[in-house]
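Asker: Below is a structure I'd like to ask you about.
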């Protein structure tokens with residue numbers, strides 16, 4: 001029987017999250033100010049990932065900027081030892 005592994009779905013540290021929110025807001029502002037380009041809507045991606053704390057690209061590349069203690073908790077490898 002396999003033991004279930006609970007994982008936290010967070011792979012971004014505090015600095016990373018703040019930086020994403022600030023850059024996301026800056027890029028998103030391009031929709032309303034300056035060149036008023038629709039490309040500014042791409043700012044929603046870092047904005048949302050910054051608020052949620054999980055980045056799908058980080059998950060695919062198995063990156064984690066949370067720190068050592070939290071990085072161990074969010075390991076993508078399941079524990080397959082029998083109980």
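Rule-based calculations on the coordinates, nothing more; no lab input. Predicted model only: the values in this text are computed from it and were never measured.
Asker: Quote the relative contact order of segment 14-73 in percent (integer), defining contacts as alpha-carbon pairs under 8 Å separated by 6+ residues. Intermediate results must be reported in sequence, preceding the final value.
Answerer: On the way: 56 pairs, mean separation 19.9, N = 60.
Result for segment 14-73 is 33 percent.
Asker: On each of the three principal axes of the Cα atoms of segment 14-73, give max minus min coordinate, whole Å, ordered largest first.
Answerer: 44, 20, 13
Asker: Still on this structure: Suppose the chain between residue 15 and residue 52 were pulled fully straight at 0.36 nm per residue; how much longer would it get relative to their current alpha carbon spacing? List each step's numbers first, then the result.
Answerer: Working: separation 37, 0.36 × 37 = 13.32 nm, distance 1.36 nm.
12.0 nm is the gain from fully extending residue 15 to residue 52.
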